[in-house]
Amino acid sequence: MSANATTDLVPLDEERKVVARLQAGDRSAFATLYGWYGDRLFRQVIWPRLPNREAAEDCLRDTFRTALEKISSFTLTDRSIFFWLRRIALNKAMDAHRLRQRDQRLADSVKAESELTTNEPDPTHAMEREQLRRMIDTSLTLLNERYATALRLRLLEDKSREECAELLDVTLGTFDVLLHRAVKAFRKVYPP
Amino acid sequence: MKTEEQHAAALAAWLDGDEDSLLEPDVAEVLGVLRPERLAPPQLDLDAVLADVRVGPLASTVAPAPANRPWRWLVPLAAAAVLVLGLRSLELPVADSAPAVAVATDEPTATAKASAPTPRPPNDAVRRELEARELDIARCFLDASSDDAALSGAITLTWTVIPGQPVDVTTPQNATGSALLNDCMSDLMRHTPWPDDTTGTWTELWSMGPALPRGAEAAPAVDAN
């Protein structure tokens with residue numbers, strides 16, 4: 001059995017069988033493919049770029065619909081089908097922003113990311129996380145320092161409420177309100 | 001209405017593991033980004049996704065409509081479209097209303113073709129329906145563009161609306177060369193609940209390109225494979 005380049009993905013031999021079943025018109029194989037990568041695409045690829053449940057689920061649905069329509073032209077070589085699905089998802093996320101026309105800057109940002117990944121080697125799980133971390137860090141720089149610190153301590157470094165309150169020299173109740181305001185401020189600048 | 005302190009307390013409780021703590025939508029969206037492991041899984045109806053596949057080996061097929069109620073087939077298709085495409089403005093035909101015009105029912109499509117007048121440009125009523133579907137047309141274009149980043153050109157559709165009968169759609173011209181675009185737009189014309197004052201045979205040309213159609217910006221530039 002050939003190992004997939006990224007160890008947390010399904011072995012390529014398994015993927016190859018499912019792709020062949022899909023290309024032969026076996027609709028039941030879709031559930032297997034979705035079970036492997038649906039949740040991962042949703043959490044790691046789509047939600048960080050479309051942080052809204054309805055929009056993200058629409059994007060996921062469009063991603064798989066397009067993938068199923070194009071499955072005949074897909075050739076599995078030495079890279080997981082996940083990366084093909086990921087690229088479709090990035091395109092769909094960009095399309096969603098365009099259709100809504102609510103944030104051209106974000107659409108440009110997602111497009112740039114999509115173009116960047118077209119010719120680069122497959123992004124590993126670590127690279128994906130690094131990209132997301134950069135998006136988060138960029139947004140944090142747009143917040144006032146106290147909000148950014150509260151978010152870093154509690155949500156990124158996973159410190160307890162008590163530790164956070166002590167580090168920021170405030171009471172527990174004040175820290176809770178500070179963090180709540182920080183989260184709401186973050187949403188206004190994320191995605192960057 | 002909750003106070004800021006109550007919302008803050010709800011957030012603190014959630015972060016301490018209380019999954020039932022009620023969060024504001026924007027707060028939940030941020031937590032999905034920063035704590036993806038606690039994001040609720042997506043709710044996706046896989047059968048509905050499959051039902052919307054239009055081309056390829058997994059494309060859905062449509063059963064022929066009963067001869068005495070030729071419009072019935074629209075109901076499951078339209079319902080699937082509402083579920084899958086998010087065409088939430090699509091209205092289903094009223095199931096028990098009689099067709100407004102009596103027509104032969106043994107071969108409705110052939111009858112429609114035989115009696116169809118010369119195609120005309122859209123009247124005001126048809127134009128309103130088309131304008132209401134600009135975003136759907138844009139969606140067709142964007143979907144097709146993911147196959148061909150340079151997709152452009154003119155596509156002309158001609159369709160005949162007769163109350164109580166399926167809409168007959170033909171494509172006299174498709175300079176884009178995209179079968180996906182043609183299928184998508186033809187489906188859209190078929191599934192539109194055309195009102196009675198749109199009865200007739202209509203033709204319309206759409207010029208597709210990076211700045212078109214209206215309602216959408218440039219097409220995505222990356223081939224997904």
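Couple of notes before you dig in:
- The residues of the range A:166-192 that are part of a helix (DSSP H, G or I) and of a type in the set (A, V, I, L, M, F, W, C), listed by number, are A:Leu167, A:Leu168, A:Leu172, A:Phe175, A:Val177, A:Leu178, A:Leu179, A:Ala182, A:Val183, A:Ala185, A:Phe186, A:Val189.
- Looking across the range A:68-91, the residues that are more than 8 Å from chain B (Cβ to nearest Cβ) and closer than 20 Å to B:Gln43 by Cβ come down to A:Leu85, A:Ala89.
- Considered as a group, the residues in the range B:36-64 that are more than 7 Å from chain A (Cβ to nearest Cβ) and assigned to a loop (DSSP other than H, G, I, E, B) include one that is surrounded by the most Cβ atoms within 10 Å (Cβ to Cβ), and that residue is B:Ala59.
- Residues satisfying the stated conditions in the range A:136-161, i.e. within 11 Å of chain B (Cβ to nearest Cβ), surrounded by fewer than 18 Cβ atoms within 10 Å (Cβ to Cβ) and either part of a helix (DSSP H, G or I) or on the phi > 0 side of the Ramachandran plot (or both): A:Arg152, A:Leu156, A:Asp158, A:Arg161
- Residues within the range B:1-14 that are at the interface with chain A (Cβ under 7 Å from one of its Cβ atoms) and open to solvent by 20 Å² or more (accessible area, probe 1.4 Å), tallied: 4
- Among the conditions (1) away from chain A (no Cβ under 14 Å); (2) modelled with pLDDT under 80; (3) surrounded by 19 or more Cβ atoms within 10 Å (Cβ to Cβ), B:Ala224 misses just one, which is (1).
- Tally, over the range A:28-43, of residues that are more than 7 Å from chain B (Cβ to nearest Cβ), closer than 16 Å to B:Leu39 by Cβ and open to solvent by 10 Å² or more (accessible area, probe 1.4 Å): 1
The values are calculated or read from the model by the stated rules, or taken from the named source; none is laboratory data. Model, not experiment: these values are computed from the prediction. Cβ atoms come from the backbone with ideal geometry, glycine included; neighbour counts cover every protein chain shown. Ligands, DNA and RNA are stripped out before the accessible areas are found, and what is left, the full protein with its side chains, is counted by its heavy atoms. Shrake-Rupley method; radii C 1.70, N 1.55, O 1.52, S 1.80 Å.
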